[in-house]
């Protein structure tokens, strides 16, 4: 299948090269991924790095407060994408800044543990612990626990959906909203004809 010229131009301009991913370690791929990280995003009123209690030790989070945020503000706990193996607070910094400014919500980005060093259920347990911490410390954060949301892209979207199920099953925090950005919600690839139709695509 020929590559669309517009897509080809984007691929050629992309700073990351994926030719040898299969022979690289997870850490080598992470380094490559971080090198392709966009520069810092737009300004927000404040950015604060904290550590909160996690299931297996301190868990880094980054709190983004937009200009003019209400007090108490709505709050969104954000989980980055990266296939549960890649990504960090840093790779999604610009994303969280932009979302905070456009929604008026405080964003709390979670640096959950990554596979394969930390297999399932490390990531969802970290994300759930961070969400519980935000709900429990709403007054300290100046946020409204009644307007608590979760969000994430790709694997982070999966984690956001899973955290909602965990909160339901464990009688945890009431989550008012979930923002799932191209989430991973189904691993049964045989169900989708596009897997065959685009098998030879880029």
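Read the figures in this text as sums done on the coordinates, not as results from a lab. In this text the structure is predicted, and so the values were computed from the model without any measurement. Positions of Cβ are backbone-derived with ideal geometry, glycine not excepted, and every protein chain shown enters the neighbour counts.
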Describe numerically, in nm with one decimal, the distance between label points set 7 Å from Cα along Cα→Cβ at residue 94 and at residue 24.
1.8
Could you give the nm distance between label points at residue 117 and residue 139, where each point is 7 Å from its Cα heading toward the beta carbon?
3.7
Where does helix 26-35 land angle-wise versus the long Cα axis of the chain, in degrees 0 to 90, nearest 10?
80
Could you please rank 111, 200, placing first whichever residue has the fewest other Cβ atoms within 10 Å of its Cβ?
200, 111
Rounded to the nearest 5, the percent of antiparallel DSSP beta bridges in the chain equals 45
So if we plug the beta-carbon distance of residue 197 and residue 174 into 1/(1 + (r/R0)^6) with R0 = 41 Å, what FRET efficiency do we get, rounded to 0.05?
0.50
Ascending count of other beta-carbon atoms within 10 Å, so fewest first, for 12, 34, 125:
12, 34, 125
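Please give the contour-minus-distance gain from residue 188 to residue 48: 0.36 nm per residue of separation, less the Cα-Cα distance, rounded to one decimal in nm.
Numbers: separation 140, 0.36 × 140 = 50.40 nm, distance 3.92 nm.
Length gained, residue 188 through residue 48: 46.5 nm.
Fewest Cβ neighbours within 10 Å first, please rank 187, 114, 180 accordingly. If you can, show how the numbers build up before the last one.
Working: 187 7, 114 22, 180 19.
Lowest count first: 187, 180, 114.
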Note on the stretch 42-197: C-alpha Rg/Rh, Kirkwood Rh, two decimals, gives 0.98
